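Notes follow the structure.
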Amino acid sequence: MKRMVIKVLALIFVIVIVTFVGFRYGWRLFGFDACDNPNSLFTENIKIEENLIILSGDTSQSAPAFVGYIYEIHDGNLYVGLKYNLLFGFYERLGRFNIRIKCDTSQIKKIYFKNGNTEKLVWEKIRDS
């Protein structure tokens, strides 16, 4: 009987851990389709350094928990998708994000927030005259 209780508790523990990890990090398998609507995001600071882009900002959602981001560079444009999770981001209940992306910044002309359907321009390189 004692072994059965231990096995059931171990199984419950494994299911909880797998569920948490799956929801916390598994969204990345779906790419930009799993990211939040960029219209609810705003930047407070964009810093472009040599080989590093730093984006910081927040969301207008009411009970956010920032759980991560993905990015892609295509034709000189940097596309960034952010993910918030109300339930499985409970141990870091912050809507603020501070993203550090290492890339060749000389090639970046525009930065967009993106999800599966929508893009929002947040930065554009000013051309020298």
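Each residue of region 106-123 was assigned a 3J(HN,Hα) from its phi angle through the Karplus curve 6.51 cos²θ - 1.76 cosθ + 1.60 (θ = phi - 60°); the sequence is 5, 8, 7, 9, 9, 10, 10, 8, 8, 10, x, 10, 10, 10, 9, 6, 10, 7 Hz, with glycine and proline shown as x. Residues Glu49, Glu119, ordered by accessible area of protein heavy atoms at a 1.4 angstrom probe radius and largest first, appear as Glu119, Glu49.
Taking the Cα-to-Cβ direction at Gln61 and at Arg3 and moving 7 Å from each Cα, how far apart do the two end points lie in nm? So the label points at Gln61 and Arg3 sit 4.5 nm apart. From helices alone, the chain scores -6500 deg cm²/dmol at 222 nm; the rule is -39500 (n - 2.57) for each run of n ≥ 4 DSSP H residues, then divide by the residue total. In this structure region 32-124 gives 54 Å² per residue of accessible area when probed at 1.4 Å with all protein chains present.
With R₀ set to 22 Å, the beta-carbon distance separating Arg28 from Glu50 gives a calculated FRET efficiency near 0.20. Electrostatic tally near Asn45: other residues with Cβ closer than 15 Å to its Cβ, Lys and Arg +1, Asp and Glu -1, net 0. Pairs of Lys residues in the chain that lie 8 or more places apart, or on two chains, and have C-alpha atoms under 16 angstrom apart add up to 11. Relative to the dominant Cα principal axis of the chain, helix 2-25 is inclined by about 10°. When the chain is described by a simple charge dipole with +1 on each Lys and Arg Cβ and -1 on each Asp and Glu Cβ, the residue from Tyr69, Ile6, Tyr25 located farthest towards its positive end is Ile6. Sparse packing (at most 15 other Cβ atoms within 10 Å of the Cβ) combined with a DSSP loop state is found for the following trypsin sites (Lys or Arg not before Pro) in region 42-120: Arg93, Arg96, Lys102, Lys109. The heavy atoms of Tyr71 present about 100 square angstrom of accessible area, all protein chains included, probe 1.4 Å.
The values are calculated or read from the model by the stated rules, or taken from the named source; none is laboratory data. As the structure is a computational prediction, the values presented were derived from the model and not from experiment. Backbone-built Cβ (ideal geometry, glycine too); neighbour counts: all protein chains shown. Side chains included, ligands, DNA and RNA excluded: accessible areas come from the protein's heavy atoms. Shrake-Rupley method; radii C 1.70, N 1.55, O 1.52, S 1.80 Å.
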